[in-house]
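The values are calculated or read from the model by the stated rules, or taken from the named source; none is laboratory data. These figures come from a predicted structure and were not determined experimentally. So basically every Cβ, Gly included, is an ideal-geometry build from the backbone, and we count neighbours across all protein chains shown. Only protein heavy atoms, including side chains, enter the accessible area calculation; ligands, DNA and RNA are left aside. Shrake-Rupley method; radii C 1.70, N 1.55, O 1.52, S 1.80 Å.
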Amino acid sequence: LAGMIQATEYTDLQRLEIYLDCHYMEKLSLASISSALGISRTKLCTLAKRLSGGKTLSQMIAERRVSAAKPLLIQTDQPIALVAESVGIADYNYFTKIFRSATGLTPSRFHKLHRRDMKN
């Protein structure tokens, strides 16, 4: 009953945002997210575009993953492949590609630049 009450307290847009914040590190698909939220795939895509200012759901998820990876790259000495896995991307090369697309830097370059800044 508490879950039903909580579910009605949030709009679908808010529920999508909360869901992505809690599950970005998992393997996600349109089907799994729409099923978890109890909404159609079409509505899910519409909500994602509204929430993100026109981006696709895949782009939103990638941005959340890159945002989560940045502090790990700065604050830890974990290998980049491990950072990638911890934010939900098992493929190192794909992680490097989306990270570079989002930041203009490779993860290793980002790590080196920001670690140097922390030491100064």
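List of remarks:
- In nm, spacing of pseudo-spin labels at Ala36 and Tyr19 (7 Å Cα→C-beta vector): 0.8 nm
- Accessible surface of segment 20-120, 1.4 Å probe, proportion on carbon and sulfur as whole %: 52 percent
- Ranking His114, Ile98, Leu82 by how far each Cα lies toward the positive end of the dipole of segment 53-120 (charges on Cβ) leaves His114 at the top.
- Taking the Cα centre of segment 50-92 as origin and assigning +1 to Lys and Arg Cβ atoms and -1 to Asp and Glu Cβ atoms, the resulting dipole is close to 320 debye.
- Backbone HN-Hα couplings from phi across segment 17-34 [Karplus 6.51/-1.76/1.60, Hz, Gly and Pro as x]: 4, 5, 4, 5, 4, 8, 10, 4, 7, 9, 6, 10, 9, 4, 5, 5, 6, 5
- The chain: equivalent-ellipsoid semi-axes (sqrt of 5 x gyration tensor eigenvalues, Cα, Å): 31, 15, 13
- When each of the peptides 57-70, 88-101, 31-44 is scored by the mean number of other C-beta atoms lying within 10 Å of its residues, the order from highest to lowest reads 57-70, 88-101, 31-44.
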